[in-house]
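For reference, the structure discussed in these notes is given below.
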Amino acid sequence: MTHVFTIAIDGPAGAGKGTLARRLADHYRLNLLDTGLTYRAVAYALIQHALPLDNVSAAETAARQVNLANLDRAVLSAHAVGEAASKVAVYPTVRRILVEKQRDFAKTPPGAVLDGRDIGTVVCPEADIKLYVTASAEVRARRRLAEIESIGGTADFTEILADIVRRDERDMGRADSPLKPAADAHLLDTSEMAIEAAFLAAMAIIDDVLAKRDKA
Ligand code: DC
């Protein structure tokens, strides 16, 4: 059997895991899946059809229709879609459908970097490397504000911070697959770290695991 290599990255919204996942996938030549986009695609389908986010059977249908090869980041990245995604993500049946697709993706050679909330705990508990990327809510709010301002927008820091805290509570507090570090995850706090430093730290962790494995 071919061994596929899996890097699981979890953490709260805005901690920098998306950028880190992309850098690692490029460096180690692995496939890349931002699993947040799959929940966003379900939320987006409901919004498009003017359906309430608690219509579970419509959410299940939308989840079955999610095509991992066809996730439009430009459309799905809207802030409101992220909020809605966090709401549909509480439904176990919706999660089960998406998790199955995510696992199939992870199994495709040569392997993948997957980022989300439950990758190390539920989707790929056997991942070769698990990273839990975090940063304080204040730092994440400051980064989001800078991002908005860099494209000419304006926003209120206090509102952004309240949004982030609310989203953390929902993602960490749900009954099914809450956001939490896997017992064997390496913690990476990016509060005081630029993305390049986070990438180097992650690489050091991964190369160390690879070197020990080669020796074994
Ligand atoms: O990472 P993101 O902001 O794109 O994720 C949007 C929402 O989707 C997030 O608030 C919770 C949900 N999500 C999840 O429950 N499990 C994942 N593996 C990824 C995202």
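The values are calculated or read from the model by the stated rules, or taken from the named source; none is laboratory data. Predicted model, so just to flag it, every value in this text is computed and none were measured. Glycine gets a Cβ as well: all are built from the backbone with ideal geometry, and neighbour counts include every protein chain shown. Please note that ligands, DNA and RNA were not included when accessible areas were found on the heavy atoms of the full protein model with its side chains. Shrake-Rupley method; radii C 1.70, N 1.55, O 1.52, S 1.80 Å.
Based on this model, can you work out whether ALA69 counts as on the phi < 0 side of the Ramachandran plot, of a type in the set (A, V, I, L, M) and open to solvent by 60 Å² or more (accessible area, probe 1.4 Å)? Let's see the steps before the verdict.
Details: on the phi < 0 side of the Ramachandran plot: yes; of a type in the set (A, V, I, L, M): yes; open to solvent by 60 Å² or more (accessible area, probe 1.4 Å): yes.
Yes; evaluated as a whole, the condition is true for this residue.
Out of curiosity, is THR35 modelled with pLDDT under 95 and of a type in the set (Ser, Thr, Tyr)?
Against the criterion (modelled with pLDDT under 95 and of a type in the set (Ser, Thr, Tyr)), THR35 does not qualify.
Please go through (1) surrounded by 15 or more Cβ atoms within 10 Å (Cβ to Cβ); (2) more than 23 Å from THR6 (Cα to Cα); (3) of a type in the set (Ser, Thr, Tyr) for SER177 and return the number of the only condition it doesn't satisfy.
Single failed check for SER177: (2).
For the subset of region 162-185 comprising residues that are touching a helix residue (DSSP H, G or I) at 6+ places or on another chain (Cβ under 7 Å) and among the aliphatic types (A, V, I, L, M), which member is nearest to ALA89 (Cα to Cα)?
LEU179
Report the residue count in region 142-177 for those that are under 27 Å from CYS124 (Cα atoms), touching a residue at least 12 places away in the same chain (Cβ under 8 Å) and not hydrophobic (A, V, I, L, M, F, W, C).
7
Answer with yes or no whether GLY116 is within 30 Å of THR61 (Cα to Cα), more than 15 Å from the chain's Cα centre (by Cα) and open to solvent by less than 30 Å² (accessible area, probe 1.4 Å).
no
Being open to solvent by less than 20 Å² (accessible area, probe 1.4 Å) and of a type outside the set (Asp, Glu) narrows it down to one residue among PHE199, PHE157, PHE105; which is it? Quick ask: steps written out before the conclusion?
Details: PHE157 fails: open to solvent by less than 20 Å² (accessible area, probe 1.4 Å); PHE105 fails: open to solvent by less than 20 Å² (accessible area, probe 1.4 Å).
Selected residue: PHE199, the only one of PHE199, PHE157, PHE105 that is open to solvent by less than 20 Å² (accessible area, probe 1.4 Å) and of a type outside the set (Asp, Glu).
Test VAL139 against the criterion of being under 19 Å from the mean Cα position of the chain (by Cα), within 14 Å of ASP10 (Cβ to Cβ) and touching a residue at least 40 places away in the same chain (Cβ under 8 Å), and give yes or no.
No.
I'd like to know if region 7-26 contains one or more residues that are within 30 Å of VAL209 (Cβ to Cβ), small (Gly, Ala, Ser) and touching a Cys at 6+ places or on another chain (Cβ under 6 Å).
Yes, that holds for at least one residue.
In region 98-216, which strands (runs of 3 or more DSSP E) lie fully inside it and hold 2 or more residues that are within 16 Å of the ligand (Cβ to nearest atom)? If you could, list the steps in order and put the result at the bottom.
On the way: elements: 111-116, 129-134, 186-189.
Once the strands (runs of 3 or more DSSP E) in region 98-216 are filtered for at least 2 residues that are within 16 Å of the ligand (Cβ to nearest atom), what remains is 111-116, 129-134.
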